[in-house]
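Sending over a structure as C-alpha cells; questions will come in a sec.
The values are calculated or read from the model by the stated rules, or taken from the named source; none is laboratory data. In this text the structure is predicted, and so the values were computed from the model without any measurement. Note: ideal-geometry Cβ built from the backbone for every residue, glycine included; neighbour counts use all protein chains shown. To get the accessible areas, we keep the full protein, side chains included, count just its heavy atoms, and leave off ligands, DNA and RNA. Shrake-Rupley method; radii C 1.70, N 1.55, O 1.52, S 1.80 Å.
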Amino acid sequence: VEEDLRMPFSHAKIGNFFQERPKLGNQFLEDALLQGYLKKHLPPVVLKEVSQDLDRFSLRLVEEIDALGRECEMNPPKLQQYNAWGERVDDIVTCAAWKKMKELSAEEGLVAAAYERKYSSWSRLIQVVKIYLYSPSAGLFTCPIAMTDGAAKVIESLGSPTPLQAAFRHLTARDPSDFWTSGQWMTERKGGSDVAAGTETVARLQKDGTYTLHGYKWFTSATDADMTLTLGRVIDDQGKTVQGTRGLSLFYLKVRDADGNLNGIQVQRLKDKLGTRQVPTAELLLDGVKATRISPEGRGVASISNMLTITRLHNTIGAAAGMRRVINLGRDYAAKRFVFGKHLKDHPLHIQTMARMEVEARGAFLILMEVARLLGLEETDMASEQDQHLLRLLTPLAKLYTGKQAVAVISEGLESFGGQGYMEDTGLPGLLRDVQVLTIWEGTTNILSLDVLRSIIKSQGQVLATFFSAAEAKLQVALDVSELSKSAERALQALQQLKHFTNQVGKEGESFMELAARDFSYSLAKIYIGSLLLEHAAWSGASEADIYCAVRWSEQDLCPVSKAEVDGNYSAEAQALDKLLVYER
Ligand code: UCC
Ligand code: FAD
C-alpha cells in the first residue's frame, strides 16, 4: 500500500485525480427566468398545473430522455438501398432510441398540446416551454416535431378539408401508435432560398383529381416521416408550366402506401452532414408520387408560409434552449473544477464570461416567449391587428437573431469546459455541431432579413408602426423604475435613432435597404429584446439578476444600423468597394 501511494502512476495506475463531471439537473427548477416568466404571466391555476407537469417532465429528461438523445447521436441513421435479394428497398434504418423519441413525443403531447388548446391562448406558449426543456436532450427529434407541428398548422389554417382531416388527427395524436410525423420538402438543387426559381418538380393531374409528382428534392429532413407537404408546378396537357412563384402549388402526400411500400419515391442517398447527424436527411427522386393538391394553383408559397411560421419558431426554441443547456452545465462545472487555488466559479473573469452568455440566453428566451404568446393569441382568435403585425415581424426576427447568437454562445460555452468541451464522449461538441444549422435551414440570416423587409412593405409600414409602439410601451414601464430608468432612456434613444433611420430610407437608392437589411434586423431585434428584458425587470416579482441583466443588455449598441449608415455602409460606393474587397486577387 505504501509503495502505491508513493508511485501513483506506476504499472496500471493512471493517477488518483478524476474530475467530477458536470451534471444535468432539473432544467425546469434550475431556470429562474422561465419560472419568473410563467409566474408573471400565467393565471395561478394554470401555473400550478403546468409547473407540476414541467417538473415531472424535467425529471424524465434527466432519468430517461437525455440518454436516449445521446444514443441517437451515437447511432445515426443508415440507408439500406437493396435487400439481400437485390431488390431496391430504400429503407432508412433508425435506431431504437429515435423510435422511442417518436413514441414519447406523442405521449407528452409535444405537438398535440398546441392544438388541444386546453389552456386557451396560453396553450401554444406552454407547448413551446415543454419543447424548450426537451430540445437539447431530444437527439434532434425536435426537427420532425417542428415539421409535424408546421404541417398541422397548415392543415388547420386551410380549414381541415376532408382529405386532410385524418392526417390532422394523426399529427396531433397522443397515442404513439396513431402518431404521424411530417416532412417539409421545399428545397431543390437550384435553390433552397429562391424556391420560386429553384422548383423544377412538376405535378401531372390524374383522372381522379389527384396528381403525380415528378422531380428531385435536394434536402428532405427526417425522411422517415409518414407524410409530407411539398411544392410542385402543375403541368398542363401541352407540357407547359407557369414559372416563378405563381406556378407553385402545395401538395400533400403519404410517404408509403398501405403495404408499407414507398409512394413513387427513391431515396438517392443520405446527406453527409456537419451536425444533425441523428436526423436522416435525404435526397429524393419523386418518380410519379401520388399526391393531393391542397392549395389553390399558384398559391404554394403563400400556403406553406404557415408552416414556415411554426418551424421558424421551433428554430428559435432550439437556439434559446441550446444556450440555456450549455450555460447550466457550465455553471455546474464551474462549481466543481478547481484551478489556480480555487473553483472556477470564484475566478471573476470566468464568471464575467458566463454572465455575458447568460445575458444573451435570457434575451433569446424572452423573444421566444413573446413570439409564442402572440401566436397563442392568434390561434385562439384573441389577437388584435397589432398582435398579428408583431407576430409576422418577430417570427423571422427571432429566428435570425437567436440562431446566430446561439452559435457564438455555445462556442463560448464549450470553451468554458476547457479541453473537455472539445471531447466527443462528454456529449458537449454535439451541441456546437448541431447549432450551426439553425442559421441555415428554415431561411438563412440574409433571407430572413429580407423577409423582415417584406413583412414591413406588404403591410405598408403598419408592421413597423406597431413595432415602435409596442417597444415604446414596454420601455415606458421601465422608465418609472429607478434602477432601470437610465437603461430605458438609452433604449428609447435607440428607438428614436431607428425611427430617424427609417424616415431617411425613402430618399435613398434602390439597393440601399437591401444592403441595410441585416443590420436593420439586428437593430430591431436588439431593441425589442431590450424592451422585453426591461419590462420583465420592472415587474414587482423581478429578481436582482433580472434587473442587472436588463441593464447589461442596454449598454450595447442597440441600433447598429444607424452607425453603419453614418459610416456610409449602404451607399452605392460601398457596394462597389465591398465587391472589390471580396474579389481582390
Ligand atoms: O430548411 C428546412 C428545414 C427542415 C427542418 C426543420 C427544423 C426546424 C427547427 C428545428 C429546431 C431544432 S425546410 C425549407 C425551409 N425553406 C425556407 O425557409 C425558404 C427560404 N426562402 C424564403 O423564405 C423566401 O423568402 C421564399 C421562398 C418565401 C420566397 O419565395 P417567393 O415565391 O419569391 O416569395 P414572394 O413572392 O415574396 O411570396 C409569395 C407569397 C406572398 O403572398 P401574396 O402572394 O399573398 O402577396 C408572400 O407575402 O408568400 C407570402 N410569404 C409569406 N407570408 C412569403 N413568405 C412569407 C412568410 N414568411 N410569412 C407569411
Ligand atoms: P443559397 O440560397 O444558395 O444561399 C447561399 C448563400 O447566399 C447564403 O448565405 C444566403 O444567405 C445567401 N443568399 C441567397 N440569396 C440571397 C439574397 N437574395 N441576398 C443576400 N444573400 C443571399 N430544405 C427542405 O426543404 N427540407 C428539409 O427538410 C431541409 N432539411 C435540411 C437539413 C439540413 C441539415 C440543411 C443544411 C438544409 C436543409 N434544407 C431543407 C435546405 C435548407 O432550407 C436550405 O439549404 C436553405 O434554405 C438555404 O438554401 P440554399 O442551400 O439553396 O442556399
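Of all residues in region 212-271, how many are touching an Asp or Glu at 6+ places or on another chain (Cβ under 7 Å), closer than 25 Å to Thr172 by Cα and open to solvent by less than 30 Å² (accessible area, probe 1.4 Å)?
Residues in region 212-271 being touching an Asp or Glu at 6+ places or on another chain (Cβ under 7 Å), closer than 25 Å to Thr172 by Cα and open to solvent by less than 30 Å² (accessible area, probe 1.4 Å): 3 in total.
Scan the strands (runs of 3 or more DSSP E) fully inside region 169-280 and keep the ones with 1 or more residues being within 16 Å of ligand 1 (Cβ to nearest atom).
Strands (runs of 3 or more DSSP E) meeting the threshold: 182-185, 211-221, 227-235, 248-254, 265-270.
Report, by residue number, each residue of region 419-430 that is open to solvent by less than 40 Å² (accessible area, probe 1.4 Å) and either closer than 13 Å to Pro22 by Cβ or of a type in the set (D, E, K, R) (or both).
Gly421, Gly427, Leu428
Of everything in region 180-201, what is surrounded by fewer than 15 Cβ atoms within 10 Å (Cβ to Cβ) and either more than 21 Å from Ile310 (Cα to Cα) or more than 10 Å from ligand 2 (Cβ to nearest atom) (or both)? Give them in sequence order.
Within region 180-201, Arg189, Lys190, Ala197 qualify.
Determine if region 333-348 includes at least one residue that is touching a residue at least 60 places away in the same chain (Cβ under 8 Å), more than 16 Å from ligand 1 (Cβ to nearest atom) and part of a loop (DSSP other than H, G, I, E, B).
Yes, that holds for at least one residue.
Then there is this: Return a yes/no flag: does region 561-583 have any residue that is open to solvent by 50 Å² or more (accessible area, probe 1.4 Å) and within 29 Å of the chain's Cα centre (by Cα).
No, there is no match, as no residue in region 561-583 is open to solvent by 50 Å² or more (accessible area, probe 1.4 Å) and within 29 Å of the chain's Cα centre (by Cα).
Then there is this: Based on this model, can you work out whether Leu394 counts as more than 30 Å from Ala67 (Cβ to Cβ), assigned to a helix (DSSP H, G or I), open to solvent by less than 10 Å² (accessible area, probe 1.4 Å) and free of Cβ contacts under 8 Å to residues at least 24 places away in the same chain?
Answer is no for this residue.
For region 47-68, state whether one or more residues are farther than 30 Å from Trp539 by Cβ, among the small types (Gly, Ala, Ser) and not in a strand (DSSP E or B).
Among the residues of region 47-68, at least one is farther than 30 Å from Trp539 by Cβ, among the small types (Gly, Ala, Ser) and not in a strand (DSSP E or B), which makes the answer yes.
Something else now. Name the residue, out of Leu484, Leu438, Leu498, Leu450, that is buried (at least 20 other Cβ atoms within 10 Å of the Cβ) and within 16 Å of ligand 1 (Cβ to nearest atom).
Just a single option satisfies the conditions, and that option is Leu438.
Report yes if some residue within region 143-160 is at negative phi and more than 16 Å from ligand 1 (Cβ to nearest atom); otherwise report no.
Yes, there is a match, as at least one residue in region 143-160 is at negative phi and more than 16 Å from ligand 1 (Cβ to nearest atom).
Working carefully through the options Ala408, Ala335, find the one that is in contact with a His (Cβ under 8 Å, 6 or more places away or on another chain) and open to solvent by 30 Å² or more (accessible area, probe 1.4 Å).
Matching residue, one of Ala408, Ala335: Ala335.
Now for a separate question. Which members of region 487-524 meet the condition of being farther than 25 Å from Thr445 by Cβ and either touching a residue at least 12 places away in the same chain (Cβ under 8 Å) or β-branched (Val, Ile, Thr) (or both)?
Ser487, Ala488, Arg490, Leu492
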